[in-house]
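The values are calculated or read from the model by the stated rules, or taken from the named source; none is laboratory data. Here the structure is a predicted model, which is why all the values come from computation and not from measurement. Glycine gets a Cβ as well: all are built from the backbone with ideal geometry, and neighbour counts include every protein chain shown. Note: accessible area is taken over every heavy atom of the protein model, side chains too, but ligands, DNA and RNA are not part of it. Shrake-Rupley method; radii C 1.70, N 1.55, O 1.52, S 1.80 Å.
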Amino acid sequence: MTASAVSTTQVGPHKGLGSVLSRHADTSWRAPCPDHTRRAFDPIHRLLGRSPRPVVLDVGCGTGESTVSLAVQHPSCWVFGLDRSEHRLRRARERPLPSNARFVRCDAAHFCALACASNWELFHLYFLYPNPYPKPGHLRRRWHAHPVFPTLARLEAGMELRTNWELYAREFAISLGVFGRQAMCGAVDDGTPISAFERKYLVRGEECVVVRSPSPAKPAPIGRD
């Protein structure tokens, strides 16, 4: 695992964020879904048909420590850890996994879009470390500036982002507000790190920031069923 401190020339929320959000909000994301993501999605969709439960998505789960933690926190939900790296997921699959959790190799944005289009009961979405893309020219690579973000923000699902870049958290909160969602920012103070990256950042003395947005329709304590 490697992770360096965030370095950027950006000194405030990106000036182009508003126009990007407006453009995405007025259009539907029509990028074709990669075949490997569709193949990964279909068996999970069949699983939900056989055993319906609310769904928690751990977007960019890496080596899976966070997915295991979330499965314990949400025992009545299916918890799916999504990552594009087979190398990271190979390590994740070495972990003892709760019966309500699965790892899925996929393009996470397209997987989320398929879940929305299939009317899954999405209970909570987690966007954990690492996530910054700190260069100003990389704005569109950040989750809150991705074309799928308006679809996700309009869900009746809770959302949580954790990052070691405070500006990224501020942009994420601003983007949620554009879609009428409440967003609460604060320092991570859970005591037990949710992932290996969070543990590394905290040991290094970096401040980790969390953005929490409860379900617009079903307010509930974050991290609890």
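Worth a mention:
- Cα gyration tensor shape of the range 121-225, rounded if a/c is under 1.5, else prolate or oblate by comparing a/b with b/c: oblate
- Taking all Cα pairs closer than 8 Å and separated by 6 or more residues, the relative contact order of the chain comes to 22 percent.
- Debye intensity ratio in log₁₀ form over the Cα atoms of the range 93-179, taken at each q of 0.26 Å⁻¹: -1.48
- Percent carbon-and-sulfur accessible area, the range 1-142, ignoring ligands, DNA and RNA, probe 1.4 Å: 51
- Projected onto their three principal axes, the Cα atoms of the range 50-103 cover extents of 29, 19, 18 Å, largest first.
- Where the alpha-carbon atoms of the range 165-218 are placed on the principal axes, they occupy 35, 24, 14 Å, in descending order.
- Size descriptor, Kirkwood hydrodynamic radius, that averages inverse alpha-carbon separations across the chain, Å: 17.8
- Projected-area average for the range 34-144 over all orientations - Cα convex hull basis, square nanometres: 7.1
- Its convex hull of Cα atoms gives the range 1-96 a direction-averaged projected area, equal to a quarter of the hull surface, of 9.6 nm².
- Residue-level accessible surface for Leu122, protein heavy atoms, 1.4 Å, Å²: 20
- In this structure the range 1-150 gives 50 Å² per residue of accessible area when probed at 1.4 Å with all protein chains present.
- Net charge dipole size for the chain [Lys, Arg +1 and Asp, Glu -1 on Cβ; Debye, nearest 20]: 500
- A Förster distance of 41 Å, applied to the separation of the beta-carbon atoms of Val11 and Cys116, puts the FRET efficiency at 0.75.
- The largest accessible area among Lys200, Lys135 belongs to the first residue in Lys135, Lys200, and the rest follow in falling order (1.4 Å probe, all chains).
- Overall, the ratio between the Cα radius of gyration of the range 81-131 and 2.2 N^0.38 Å, rounded to two decimals, is 1.22.
- Cα-based shape type of the range 1-44, given that a ≥ b ≥ c are square roots of the gyration tensor eigenvalues and the cut on a/c is 1.5: oblate
- Whole-angstrom gap from the range 107-180 to the range 1-59, using each part's C-alpha centre: 6
- Largest-first principal axis extents, alpha carbons of the range 139-179, Å: 26, 20, 14
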